[in-house]
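A.B. asks: Okay, here's the structure, questions in a sec.
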């Protein structure tokens, strides 16, 4: 059953953030890591071992780790276009239509995001900005306890809109038909069946089969996240995704059954998922608690939900909606749902959230699948400084400097003064040659 917390207790427990490096890992996970990698080996060390071996041995290491960790070592990592198309044809017509609608909305949303090239001549000559796509991007698509074709659509389509030339999509062996179908829907030529930290290593370093990429995007399990953390700088990253999270602010006008359903949908993802409700209405809190217990009885992943509700989830009683908004900003959730009578009035108080869902009809599950914005959003409080995956994640900006002669000469003498102040005489000399000063 989901617990109801007073505010001081919630601050010390479910609303308290723990940095990735300070996380306490579940005993079962630590035991499994030691069983596979040896006594005393931590998840951090296990990932480092995987990365080093793939860097040195390429496909040989990939097959070894795949056999050990996924109990499957494919003879060919590539799944080519005809198989992708066959998987798409195998789906029901209704599911194909739903996926097509989702893909169209995701594409249309991201095509509206501006990517401006611009120039000005107001600063002497030409200065400007040039936007160019990243050439090769790796996309990780989870495929563990639940297949997530939506994650492929939400990552690949913004990259295509940005103009990325080559997309390298990796997902664990024997991927579900829906993931392959999503790849076909996006027009991909192939998908690579390799998962976990070894997939991140393959995309970061390259192997005989899998091309080296310039940036990796997409969420995964703990080992995927740790691998991304360790290859940062070798490749770019979209971010380090932690367990998924939803925070709902609700008042007395919200419907308990809908709130309970939204909390359970979030908890369904993972035993470490966070599903939190903030409300000043004690009666609503109790009604949601009862409704959540009732609805759980009929859900296929009830065991996972129960653990998630017990670990990092709960209902928090707040003095008022303004306090709830302050708590939301402190928590900086991946998903923030405003299930209140006037969500637009509360919106100006919100400063930190990956996605903001206004009103009960704009619920998070629509954002997960079909609303339009990418569902790859910042977790773990990183919404304080990070954004949802978008077209800008797949381009880079170059500054263009083309000063005219007179502006260059005038500015060079000023640059030389600053260079001397920094005690960089070679910098000063390069500027003074252009300024016409006699350099000694």
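A.B. asks: Kindly evaluate residue 362 against the criterion of being part of a loop (DSSP other than H, G, I, E, B), within 17 Å of residue 253 (Cα to Cα) and touching a strand residue (DSSP E or B) at 6+ places or on another chain (Cβ under 9 Å). Even if it seems obvious, please write down each step before you answer.
C.D. replies: Numbers: part of a loop (DSSP other than H, G, I, E, B): yes; within 17 Å of residue 253 (Cα to Cα): yes; touching a strand residue (DSSP E or B) at 6+ places or on another chain (Cβ under 9 Å): yes.
For residue 362, the condition - part of a loop (DSSP other than H, G, I, E, B), within 17 Å of residue 253 (Cα to Cα) and touching a strand residue (DSSP E or B) at 6+ places or on another chain (Cβ under 9 Å) - is met.
A.B. asks: Hey, can you tell me all the residues within the stretch 391-409 that are part of a helix (DSSP H, G or I) and touching a residue at least 24 places away in the same chain (Cβ under 8 Å)?
C.D. replies: Across the stretch 391-409, the qualifying residues are 391, 392, 393, 394, 406, 407, 408, 409.
A.B. asks: Identify all residues within the stretch 416-440 that are surrounded by fewer than 17 Cβ atoms within 10 Å (Cβ to Cβ), touching a helix residue (DSSP H, G or I) at 6+ places or on another chain (Cβ under 7 Å) and modelled with pLDDT of 95 or more; write none if there are none.
C.D. replies: 420, 427
A.B. asks: For the list (1) surrounded by 24 or more Cβ atoms within 10 Å (Cβ to Cβ); (2) farther than 21 Å from residue 75 by Cβ, I need the number of the one condition that residue 183 fails.
C.D. replies: Against the list (1) surrounded by 24 or more Cβ atoms within 10 Å (Cβ to Cβ); (2) farther than 21 Å from residue 75 by Cβ, residue 183 comes up short only on (2).
A.B. asks: Scan the stretch 199-211 and report the pairs whose first residue is modelled with pLDDT of 95 or more and whose second residue is surrounded by fewer than 19 Cβ atoms within 10 Å (Cβ to Cβ), with Cβ atoms within less than 6 Å and a gap of 6+ or a chain change.
C.D. replies: 204/234; 205/55; 206/212; 207/58; 207/59; 208/58; 208/59; 209/59
A.B. asks: Which of the residues that make up the stretch 312-370 are touching a helix residue (DSSP H, G or I) at 6+ places or on another chain (Cβ under 8 Å), surrounded by fewer than 17 Cβ atoms within 10 Å (Cβ to Cβ) and within 19 Å of residue 264 (Cβ to Cβ)?
C.D. replies: The one that is touching a helix residue (DSSP H, G or I) at 6+ places or on another chain (Cβ under 8 Å), surrounded by fewer than 17 Cβ atoms within 10 Å (Cβ to Cβ) and within 19 Å of residue 264 (Cβ to Cβ): 365.
A.B. asks: Further question on the same structure: Please work out which residue is farthest from residue 173 (Cα to Cα), limiting yourself to the stretch 55-68 and to residues that are surrounded by fewer than 19 Cβ atoms within 10 Å (Cβ to Cβ) and touching a residue at least 12 places away in the same chain (Cβ under 8 Å).
C.D. replies: Out of the qualifying residues, it is 55.
A.B. asks: Does residue 41 satisfy the criteria of being without any contact (Cβ under 8 Å) to a residue 60 or more places away in the chain, surrounded by 16 or more Cβ atoms within 10 Å (Cβ to Cβ), in contact with a helix residue (DSSP H, G or I) (Cβ under 9 Å, 6 or more places away or on another chain) and not assigned by TED's automatic domain parsing to the domain that holds residue 193? Step through it out loud before you land on a result.
C.D. replies: Details: without any contact (Cβ under 8 Å) to a residue 60 or more places away in the chain: yes; surrounded by 16 or more Cβ atoms within 10 Å (Cβ to Cβ): yes; in contact with a helix residue (DSSP H, G or I) (Cβ under 9 Å, 6 or more places away or on another chain): yes; not assigned by TED's automatic domain parsing to the domain that holds residue 193: yes.
Yes: the conditions hold for residue 41.
Condition check ((1) assigned to a helix (DSSP H, G or I); (2) touching a helix residue (DSSP H, G or I) at 6+ places or on another chain (Cβ under 7 Å); (3) not assigned by TED's automatic domain parsing to the domain that holds residue 181) across all residues:
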{"position": "51", "(1), (2), (3)": "yes, yes, yes"}
{"position": "56", "(1), (2), (3)": "yes, no, yes"}
{"position": "62", "(1), (2), (3)": "yes, yes, yes"}
{"position": "65", "(1), (2), (3)": "yes, yes, yes"}
{"position": "95", "(1), (2), (3)": "yes, no, no"}
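A.B. asks: Given the options 30, 51, name the one that is closer than 28 Å to residue 175 by Cα, surrounded by 14 or more Cβ atoms within 10 Å (Cβ to Cβ) and touching a residue at least 40 places away in the same chain (Cβ under 8 Å). Write out each step before concluding.
C.D. replies: Details: 30 fails: touching a residue at least 40 places away in the same chain (Cβ under 8 Å).
Going through 30, 51 in turn, the sole match is 51.
A.B. asks: Could I ask something else about it? If you check every pair at least six apart or on different chains, which have Cβ atoms under 8 Å apart with a residue in the stretch 344-360 that is within 12 Å of residue 330 (Cβ to Cβ) and not assigned by TED's automatic domain parsing to the domain that holds residue 332 first and a residue that is outside any helix (DSSP H, G or I) and modelled with pLDDT of 95 or more second?
C.D. replies: Close Cβ pairs (under 8 Å, with a partner that is outside any helix (DSSP H, G or I) and modelled with pLDDT of 95 or more) do not exist here.
A.B. asks: Taking residue 353 as the residue in question, decide whether it is in a helix (DSSP H, G or I) and closer than 20 Å to residue 237 by Cα. Give the steps one after another, and end with the answer.
C.D. replies: Values: in a helix (DSSP H, G or I): no; closer than 20 Å to residue 237 by Cα: yes.
So residue 353 does not fit the description; no.
A.B. asks: Report yes if some residue within the stretch 375-390 is assigned to a helix (DSSP H, G or I), exposed (fewer than 14 other Cβ atoms within 10 Å of the Cβ), under 43 Å from the mean Cα position of the chain (by Cα) and free of Cβ contacts under 8 Å to residues at least 24 places away in the same chain; otherwise report no.
C.D. replies: No, the stretch 375-390 has no match at all.
A.B. asks: Which residue, of 135, 111, 119, is more than 30 Å from residue 405 (Cβ to Cβ), surrounded by fewer than 17 Cβ atoms within 10 Å (Cβ to Cβ) and in contact with a strand residue (DSSP E or B) (Cβ under 9 Å, 6 or more places away or on another chain)? First the steps, then the outcome.
C.D. replies: Numbers: 111 fails: in contact with a strand residue (DSSP E or B) (Cβ under 9 Å, 6 or more places away or on another chain); 119 fails: more than 30 Å from residue 405 (Cβ to Cβ).
Sole residue among the options that is more than 30 Å from residue 405 (Cβ to Cβ), surrounded by fewer than 17 Cβ atoms within 10 Å (Cβ to Cβ) and in contact with a strand residue (DSSP E or B) (Cβ under 9 Å, 6 or more places away or on another chain): 135.
The values are calculated or read from the model by the stated rules, or taken from the named source; none is laboratory data. Predicted model only: the values in this text are computed from it and were never measured. Every residue, glycine among them, receives a Cβ derived from its backbone with ideal geometry; neighbour counts consider all protein chains shown.
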